[in-house]
Amino acid sequence: MNTTMKMNTTMKATVDTRIIYITEADMKRLRPLLEGVKNSRDDLKALQAELELARVVPAEKVPADVITMNSQARLRDLDTGEEMTFTVVFPGNANIEQDKISVVAPIGTAMLGHRVGDHFEWEVPAGAVRLRVEAVLYQPEAAGDFHL
């Protein structure tokens, strides 16, 4: 799967009962992205849907295995076995060459709030890609980096 393909995808809704954790600080920074979402882009609508399911917690209370903003996570494609590592960032910090994926990109929105061991799907032109969170390599909250 190439990087260009990843950026031109749409997220497929998955049915699960996972708890999505969002820190209070992340929610405060994500809300302005969603202003006017009713007349906005589909990517923001997908992010809004994710956030509506979220359990908002103080940064100190988010489990260390949850993908939060600025977290770096290793994912595995369940069909090919390929592993990929991405960092979920705010739109202004996105840089595909550095594997920094915007939270409003379909894969970024899909990753946010998932925990190690969780599975999710997203659509690429060739069909659905099934991914599992293998590891959270860096989470700001677990590292005590509450200023990011």
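Counting only the heavy atoms of the protein chains, how much of THR109 is accessible to a 1.4 Å probe, in Å² to the nearest 10?
About 0 Å², rounded to the nearest 10.
Does region 98-139 classify as rounded, prolate or oblate by the C-alpha gyration tensor (a ≥ b ≥ c root eigenvalues; a/c under 1.5 gives rounded; else a/b over b/c gives prolate, otherwise oblate)?
Values: a/c = 1.99, a/b = 1.26, b/c = 1.58.
Oblate shape, in that a/c is at least 1.5 and b/c is the bigger or equal ratio.
Counting other Cβ atoms within 10 Å, which GluC sites (Glu not before Pro) in region 44-114 have at most 14 and lie in a DSSP loop? Provide the component values of the computation, followed by the final result.
Values: sites: GLU50, GLU52, GLU60, GLU82, GLU83, GLU97; in loops: GLU82.
Those satisfying the criteria are GLU82.
Could you list the chymotrypsin sites (Phe, Trp or Tyr not before Pro) in region 63-148 that lie in coil according to DSSP, counting only those with at most 13 other Cβ atoms within 10 Å of their Cβ?
Working: sites: PHE86, PHE120, TRP122, TYR138, PHE146; in loops: PHE146.
Passing both the DSSP loop test and the Cβ count: PHE146.
The values are calculated or read from the model by the stated rules, or taken from the named source; none is laboratory data. Everything quoted here is computed from the prediction, not taken from an experiment. Cβ atoms come from the backbone with ideal geometry, glycine included; neighbour counts cover every protein chain shown. Accessible surface areas use protein heavy atoms only, side chains included; no ligands, DNA or RNA. Shrake-Rupley method; radii C 1.70, N 1.55, O 1.52, S 1.80 Å.
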